[in-house]
Amino acid sequence: MTATPETRTPSGQEVLQMSFAASRLPYVRFRVGEWAADRGLPRDRCDEFVLAVNEVVSNAIVHGGGHGLLRVYEQQGALHCQVSDEGPGFADGVEVPVVCGTETAEGGRGLWMAQQLTGRMEINTGTTGTVVTLAVMLRVE
């Protein structure tokens, strides 16, 4: 796994970027939590953000080829996390469920939970894979 701690975009924006696989999931959670806390995300919101990121990364590992790329950055008063994988993605028109599946289901709650824990979730599927972007406001008004 490659971790590129705090790189900068051409505009000077700090970015936490790392590749991931199943064996490095605990490290991903640690680094995302540390990075979000350093940017002032309150502890309870930080824990929720880390849980949401964990669910999306786990989903990419299981359904997106076993590995991917994570990018976390701050923009317009929010933390954004992009999780990219090389999996087949979603069929056209498929959206994240607005409510959780049945209580007896074995899975299918991860994306729903990530959506509930963050202010925004966007899923884009293309020919090379899927990108899930989460966002959470740094300060609640």
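Please treat every number below as a calculation from the coordinates, not as lab data. Because the structure is predicted, anything quoted here is derived from the model rather than measured. Every residue, glycine among them, receives a Cβ derived from its backbone with ideal geometry; neighbour counts consider all protein chains shown.
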Label points 7 Å out from Cα along the Cβ direction at ASP38 and THR127: separation in nm? 3.8 nm
Calculated from backbone phi, Karplus (6.51, -1.76, 1.60) coupling profile of region 115-124 in Hz, x at Gly/Pro: 5, 5, 8, 10, x, 7, 9, 10, 10, 10
For LEU138, residues with placed amide H under 5 Å, excluding near neighbours: ALA78, LEU79
